[in-house]
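The values are calculated or read from the model by the stated rules, or taken from the named source; none is laboratory data. Treat the numbers as computed from the prediction; the structure is a model and nothing was measured. Glycine gets a Cβ as well: all are built from the backbone with ideal geometry, and neighbour counts include every protein chain shown.
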Amino acid sequence: MNKLTLLALVAFIVSAFTLTGCHVAPKADSRASFTMEAKSTKQWFESNVKTFDKQIADSGGYIIFPNVGQAGFFFGGSFGRGAVYNSSGTQIGWASMGSGSFGLQLGAQGYKMAIILKDANTLNKFKDGKWGGDVNATAVAANEGAAAKQDFSEGVRVYIGDQAGLMAGVSVALANVRYKNIDDVE
């Protein structure tokens, strides 16, 4: 087996582990604190993204990820859990995102992320696992009220904020974001 084939095989294994190794919802004993963290993160975005609350009100729903971690040293990955809300602010489910990658990468970062779903059709696609495509996130500078509004791509707007770490660029592969209905969680 040549080195390129071996690298591809290892990347596939890392990706498979990242995508299947974690539950969508937080453990039962930490859901209340996670929900509070998600609400605090939403408030952060409301304070730092002009018209964020109006964008939510006009949407099909939104997902708040209080903490997404990303790291890489040739092989890399990311993981985060989120809370899914309808446009009126009622939590309807849980989300998780994870990915594995290989290539020229080095570093680690942590960030919070908000995904605004354009309409009910986009929300239903997400809930049914029928998303596709990659979306680049718009970085939000803390305490500057930046990134007033970006265009929808693949039916979503993605904002990231409060970065900590040393890795450039964030792209979200929508197929790697999973959903679990709040009533279907043990």
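Gly129 meets each of the listed conditions (1) in a loop (DSSP other than H, G, I, E, B); (2) at pLDDT below 85 apart from (2).
Only one entry of Met36, Met1 meets the criterion of being at pLDDT 55 or above, surrounded by fewer than 20 Cβ atoms within 10 Å (Cβ to Cβ) and out of contact with any strand residue (DSSP E or B) (no Cβ under 6 Å at 6 or more places or on another chain), and that entry is Met36.
What single numbered condition from (1) out of contact with any helix residue (DSSP H, G or I) (no Cβ under 9 Å at 6 or more places or on another chain); (2) within 17 Å of Leu117 (Cβ to Cβ); (3) at pLDDT 90 or above fails to hold for Thr51? Here Thr51 meets the rest and fails (3). Screening Gln109 on (1) under 23 Å from Thr35 (Cα atoms); (2) part of a strand (DSSP E or B); (3) modelled with pLDDT of 70 or more shows it passes everything except condition (3).
Inspect region 138-148 for any residue being at pLDDT 75 or above, under 24 Å from Thr35 (Cα atoms) and surrounded by 12 or more Cβ atoms within 10 Å (Cβ to Cβ) and give the result as yes or no. No, the conditions are met nowhere in region 138-148. Only residues that are loosely packed, with under 12 Cβ neighbours inside 10 Å and either at pLDDT below 50 or in contact with a strand residue (DSSP E or B) (Cβ under 8 Å, 6 or more places away or on another chain) (or both) were counted in region 20-33, giving 2. Kindly establish whether Ser88 is modelled with pLDDT under 90 and either surrounded by fewer than 13 Cβ atoms within 10 Å (Cβ to Cβ) or not aliphatic (A, V, I, L, M) (or both). Taking the combined requirement at face value, the residue does not satisfy it. Considering Phe17, Phe102, the condition of being out of contact with any helix residue (DSSP H, G or I) (no Cβ under 8 Å at 6 or more places or on another chain) and modelled with pLDDT under 85 is satisfied by Phe17 alone. For region 160-183, the tally of residues that are modelled with pLDDT of 85 or more and assigned to a strand (DSSP E or B) stands at 4.
Figure legend. Inter-residue proximity from region 122-133: first residues surrounded by 12 or more Cβ atoms within 10 Å (Cβ to Cβ), second residues acidic (Asp, Glu), beta-carbon distance below 9 Å, spacing 6+ or different chains. Indicated pairs: Thr122/Glu154; Trp131/Glu154; Gly133/Glu154.
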